[in-house]
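What follows is calculated from the coordinates using simple rules that are stated; it is not laboratory data. What you are looking at is a predicted structure, and each value in this text was computed from that prediction instead of being measured. With ideal geometry, Cβ positions are generated from the backbone for all residues, glycine too; neighbour counts draw on all protein chains shown.
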């Protein structure tokens with residue numbers, strides 16, 4: 001984990017919450033709304049996300065639906081590059097464009113998701129920074145790496161706000177950097 005602005009770190013910890021629904025049989029849900037409502041986080045987060053990768057000169061940022069759609073453009077703007085959105089359930093896309101796609105290993109909810117982006121969105125010379133809010137099993141992030149490889153581009157690294165990985169091999173394979181560890185957020 002790369003050292004970050006201590007005020008930002010504390011705001012991320014304070015802005016995280018766990019909630020349960022009266023109909024959920026004690027299941028706890030992650031509530032990250034506090035992150036998106038805090039102006040300090042919105043202002044400082046892009047700098048913190050890209051700092052460990054700035055010297056690798058990414059040419060594009062890739063983020064998965066849905067939190068990656070928020071964080072990716074913030075990181076891309078900070079780097080002065082473009083953003084590519086990786087869609088889930090590509091088969092539901094309402095167009096006939098050619099897509100690069102792959103299926104994830106089981107995710108945190110034991111689902112296999114199809115991820116993809118339009119062919120040509122990432123090119124052979126691109127250096128890609130993968131951005132998302134959370135790494136739990138790493139399956140979606142690993143799938144994004146495979147998509148980049150299929151596009152004949154190179155991943156410079158992966159950055160998430162919270163690292164909840166339990167397998168250090170996955171962390172190493174992703175070249176993962178995080179702003180906080182998930183255990184710091186659990187109340």
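Results, tabulated for the structure shown:
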quantity: Segment residue 107-residue 10, extension gain: residue separation times 0.36 nm, minus the distance between their alpha carbons; calculated: 32.1 nm
quantity: Selected from 29, 53, 117 as most flexible by GNM, with the chain as the system and alpha-carbon contacts under 10 Å; calculated: 29
quantity: Extension gain from residue 172 to residue 91, taking 0.36 nm per residue of separation minus the Cα-Cα distance; calculated: 26.1 nm
quantity: The chain: most fluctuating residue of 133, 98, 107 per GNM, C-alpha cutoff 10 Å; calculated: 98
quantity: Residue with peak Gaussian network fluctuation, the chain [Cα springs, cutoff 10 Å], from 159, 47, 148; calculated: 47
quantity: Considering only the chain, percent of DSSP beta bridges that pair antiparallel, nearest 5; calculated: 35 percent
quantity: Relative exposure of 97, 163, judged by other C-beta atoms within 10 Å (fewest first); calculated: 97, 163
quantity: Residues listed by number, region 145-160, amide nitrogen under 13 Å from residue 114 label point at 7 Å toward C-beta; calculated: none
quantity: Radius of gyration and Dmax over the Cα atoms of the chain, both given in Å; calculated: 16.2, 51
